[in-house]
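The values are calculated or read from the model by the stated rules, or taken from the named source; none is laboratory data. Treat the numbers as computed from the prediction; the structure is a model and nothing was measured. Every residue, glycine among them, receives a Cβ derived from its backbone with ideal geometry; neighbour counts consider all protein chains shown. Please note that ligands, DNA and RNA were not included when accessible areas were found on the heavy atoms of the full protein model with its side chains. Shrake-Rupley method; radii C 1.70, N 1.55, O 1.52, S 1.80 Å.
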Amino acid sequence: MDSRSLEKIGRSTHDYNLRLSGAGDEVPTVCLKIPTGGGKTLLAVKAIDAINNIYQRRQAGLVLWIVPTQQIYRQTLQALKDKGHPYRQMLDIGSAGRTLILEKDSRFSPTDLAEQLAVLLLMLPAANRQHKETLRLFQDNGGFDAFFPPEDQWEAHEQLLRAIPNLDTYGGNGGFARVIKSSLGNTLRRINPLIVLDEGHKAYSPTAQETLLGFNPAFILELSATPTKASNVLVNIAGRQLLQEGMIKLDMHLHRQASRDWRDTMRASHVHRVALEQSADEHQAETGVYIRPINLIQVERTGAKQRGTGYVHAEDVREFLIKECNVPPEQIAVKSSERDELEQIDLLLEQCPIRYVITRQALQEGWDCPFAYILTVLTNPEATTSITQLVGRVLRQPYARKTTLPALDESYVYCYRDKAGDLLRSVRAGLESEGLGDMAGSVVLSGATSGSRSTVEVPVRQQFKAFAGKVYLPCFVIRDENGDLREVEYEIDILSRIPWSDIDLTHFNALQPNTAPSGNSVTRINIGAEMPVLEAAAAPEMRIDTVFLTRQILEEIPNPWVAYDIVNDVLRRLRKQTQWDDAAIALNLGFVIEELRRLLIRERRRLAKEVFLDLINSEQLRFYLVTGSTNGSLPERITASSNGMKLTRANGDQLQRSFFEYMMADDFNNTERAVGLYLDQQYWVLSWYRNMVRSGYSIQGWQEHRVYSDFVVLGHDAPDKIDVDRISKVFVLETKGLHLKNNEDTDYKKELFRLCNDLSSPQPWNVIEQEFGEHSVQFQVVYEDEWQRVLNGLLQPDAASGS
């Protein structure tokens, strides 16, 4: 990211909020808005690599990683210290394996920062200078003398203070010279760290902002599900996108028990958890994927001396589960400020017995376990914040992948005594706080004992039932070993045929190393002079681990033997160049891996396309209307949320030409909604429907992901009425925002759609026993600034100039 990129950020969708450091320098600041379950931490470690290597052009230095709670601190620290964890591996790739993880009381030297990527974790309260003179962070506690001139070199201190005027000092009164404190706080100001600010919206008080900017950061990266208006949002991910990717468990079912006895609520949630585990066992038997549903229980008291005071206590719940529900004691754990029975336990391990976690407030933030399915709230119904703050703990989908079993793809909340309206508002407020406000329609209030369904099946309109299951859309098919036609599959039919030996690696014959200031050397601070200066030092010897490099490209090259050969070929090509010795490769390891990944993705797609077209040219692959295909036939029903708002015309009238009786407004973004309402009022449209991702019509092309279009439109030639006797044309439409106009995904879909159109003629189609075969099919990508003009030309060629 260069200065021009930052200017573009400022000119994007809102004014860029400029920030100045305590030393008066501009501080580039951006925010990644990502809901709970979206992978903020993974994006953060990836962003560190990009900011260091591209913007700051260095691999070493210090990252100040600030978190808001002890729970998030522990989780982040544990992950970053674990060399087998993906977060740490990403940092190691960017630093060529030279990563140093630090805490507030750690000591480090200028050499450490010159030779390694150091990540210092702090909690937000420790970074908030409400008591400047007493906060340890800014006390002169020794250990950082190497970053400052000797105390008796007063002129050097004054010179450094002129360069960095916000350093804390001693003296300065009564004629005494000022001496800079050798504190951690001053050290951070001296070295201009990159700041990663987790839950960044919590750091916008004047004091917090003064403290953060007072560290004189080189860059601030905020992570937040709910950023403030002052945040410079660079990335904005909606909850619907996470749901479409299978990363969160929704719908969320709310069970409100009529009984005023908390035991009835606890018993109901226990029975539900047992049923979920039975489903999970069946799922594991079929797929090998392990899931152990966990019941998260919130109580009113956990203290040793608080039992028997009239409140629901953790030990009361434990005793009830053991004695009344026959739960083995080892399956229950209490997590509180006084007692942590989850410490050093990995809840995701198959041998872990824990199925019930009892807490009061200890899990409100930062506790992430995808196996948590049920939240049982046994607290005062007046305390609505209890539910609001814990909702996010049961949202993450195990392995960020849907199971296709509704029971294991959704989440559940049990409570008692709450009023239905208050409960619904509390849970929806919880989703808002997790950045999932657009998914409020996925919260469903179930009955007191057996929850009602969160979704309903919406049938085809009566006048269109003749088409359901009988009108077919084309798909790419191939003959199997028995000579029967089946839909093409990417891994079996395309990926398996790619000639990996044809990958072109000549890019690495002339690749230039990253010309970061460290280059093939490291930098240290020399304090021998009156003023500390930077000077070059020899880089440490680094070993190139080809097995490690091979693991980094297995997503691109699924065959490890092929991947291993490619890595060795790349290293051979680099070593032939004078500027690439092993030290240079080690220092540029992250750069080399990223270059290799990008090249392999391009080459894999190029070769896959060649395989795909060769199969078409040899007539092994056909574009057919095939009866009996569940993918290619018009569906007989769709699944929709049982609550939320239905899509209506602007005047409030119900849709007239939608293929189904109704569709939900939450299933459309702004552009899609405008296109759908437009189609609903065009006389040449017989019917239309919003195609659903992962369950609707799709095309498998030469890239790995299937293409799910946004709309399927049935056209006809009866301008005066809805004529169900015949369909003249079917349109498959994909809408795109302007920001996606020229990206790789859009270009691929346009190219695939052109191929589909070429193969869609001449007629007639190759079909088997198809009733409605006398129609043509056209595929089209339309953009938000031209969709109406393009659709006019497509759907009514003789009236393309009309409105």
Note to self: Go through the stretch 266-297 and report how many residues are free of Cβ contacts under 8 Å to residues at least 12 places away in the same chain and in contact with a helix residue (DSSP H, G or I) (Cβ under 7 Å, 6 or more places away or on another chain).
What the structure shows: 0
Check: So which of 251, 261 is surrounded by 21 or more Cβ atoms within 10 Å (Cβ to Cβ) and acidic (Asp, Glu)?
Finding: 251
Item checked: Any hit, the stretch 510-519, residues being modelled with pLDDT of 90 or more, of a type outside the set (S, T, N, Q) and under 18 Å from residue 557 (Cβ atoms) -> no
Next item on the list: Could you please find all residues in the stretch 189-206 being of a type in the set (Val, Ile, Thr) and either open to solvent by less than 10 Å² (accessible area, probe 1.4 Å) or touching a Cys at 6+ places or on another chain (Cβ under 6 Å) (or both)?
Entry: 195, 196
Notebook entry, point to check: For the stretch 277-301, which residues satisfy the criterion of being closer than 26 Å to residue 313 by Cβ and hydrophobic (A, V, I, L, M, F, W, C)?
Noted result: 294, 296, 297, 299
Next item on the list: Report whether or not residue 689 is touching a Pro at 6+ places or on another chain (Cβ under 9 Å) and farther than 30 Å from residue 610 by Cα.
Entry: yes
Notebook entry, point to check: Within the stretch 654-686, how many residues turn out to be open to solvent by 10 Å² or more (accessible area, probe 1.4 Å), of a type in the set (Gly, Ala, Ser) and in a strand (DSSP E or B)?
Noted result: 0
Next item on the list: Hey, could you check the stretch 384-433 for residues that are acidic (Asp, Glu) and modelled with pLDDT under 90 and say which is farthest from the chain's Cα centre (by Cα)?
Entry: 418
Next item on the list: Would you mind stating whether residue 205 is under 28 Å from residue 119 (Cα atoms) and modelled with pLDDT of 90 or more?
Entry: no
Next item on the list: Taking residue 66 as meeting all but one of (1) at pLDDT below 85; (2) touching a strand residue (DSSP E or B) at 6+ places or on another chain (Cβ under 7 Å); (3) within 30 Å of residue 337 (Cβ to Cβ), write down the number of the exception.
Entry: (1)
Checklist line | Lone qualifier among 549, 534 - being at pLDDT below 90, open to solvent by 90 Å² or more (accessible area, probe 1.4 Å) and not small (Gly, Ala, Ser) | finding: 534
Checklist line | Those residues of the stretch 76-109 which are assigned to a helix (DSSP H, G or I), hydrophobic (A, V, I, L, M, F, W, C) and under 20 Å from residue 596 (Cα atoms), in sequence order | finding: 90, 91, 93
Note to self: What pairs come out if I take residues in the stretch 140-165 that are in contact (Cβ under 8 Å) with a residue 24 or more places away in the chain and open to solvent by 50 Å² or more (accessible area, probe 1.4 Å) and pair them with residues that are part of a loop (DSSP other than H, G, I, E, B) and of a type in the set (A, V, I, L, M, F, W, C) whose C-beta lies under 7 Å away, six or more apart or interchain?
What the structure shows: 154/177; 159/531; 165/23
Next item on the list: Output the qualifying pairs, or none if there are none: Cβ atoms under 8 angstrom, residues six or more apart or on different chains, first residue in the stretch 588-607 and under 16 Å from residue 494 (Cβ atoms), second residue among the charged types (D, E, K, R).
Entry: 600/556; 601/556; 603/504; 604/556; 607/502
Checklist line | Test: residue in the stretch 35-54 that is in contact (Cβ under 8 Å) with a residue 24 or more places away in the chain, surrounded by fewer than 18 Cβ atoms within 10 Å (Cβ to Cβ) and over 30 Å from residue 395 (Cβ atoms) | finding: yes
Next item on the list: Determine whether residue 522 is more than 30 Å from residue 59 (Cβ to Cβ), of a type outside the set (D, E, K, R), at pLDDT below 70 and crowded, with 16+ Cβ neighbours inside 10 Å.
Entry: no
Next item on the list: Taking the residues in the stretch 9-57 that are at pLDDT 85 or above and of a type in the set (D, E, K, R) as candidates, determine which candidate is nearest to the chain's Cα centre (by Cα).
Entry: 40
Next item on the list: May I ask you to say which residue of 220, 248 is of a type outside the set (Lys, Arg), within 14 Å of the chain's Cα centre (by Cα) and either modelled with pLDDT of 85 or more or farther than 24 Å from residue 368 by Cα (or both)?
Entry: 248
Notebook entry, point to check: Applying the selection to the stretch 730-780, what residues are at pLDDT below 80, closer than 16 Å to residue 474 by Cα, surrounded by 14 or more Cβ atoms within 10 Å (Cβ to Cβ) and hydrophobic (A, V, I, L, M, F, W, C)?
Noted result: 765, 767, 772
Notebook entry, point to check: Would you pick out the residues in the stretch 269-324 that are in a loop (DSSP other than H, G, I, E, B) and closer than 17 Å to residue 339 by Cβ?
Noted result: 299, 300, 302, 303, 304, 305, 306, 307, 311, 312
Item checked: Residues that are assigned to a loop (DSSP other than H, G, I, E, B) and at pLDDT 85 or above, drawn from the stretch 599-650 -> 618, 619, 620, 647, 649
Item checked: Checking residue 362 against (1) among the small types (Gly, Ala, Ser); (2) at pLDDT 90 or above; (3) farther than 30 Å from residue 695 by Cβ, the condition it does not meet -> (2)
Notebook entry, point to check: What's the number of the condition residue 354 fails, among (1) under 30 Å from residue 38 (Cα atoms); (2) open to solvent by 10 Å² or more (accessible area, probe 1.4 Å); (3) modelled with pLDDT of 90 or more; (4) not charged (D, E, K, R)?
Noted result: (2)
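Residues are listed down the side, and each one gets a yes or a no for (1) at pLDDT 90 or above; (2) open to solvent by less than 40 Å² (accessible area, probe 1.4 Å); (3) closer than 29 Å to residue 58 by Cβ:
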position	(1), (2), (3)
108	yes, yes, yes
123	no, no, yes
168	no, yes, yes
183	no, yes, yes
187	yes, yes, yes
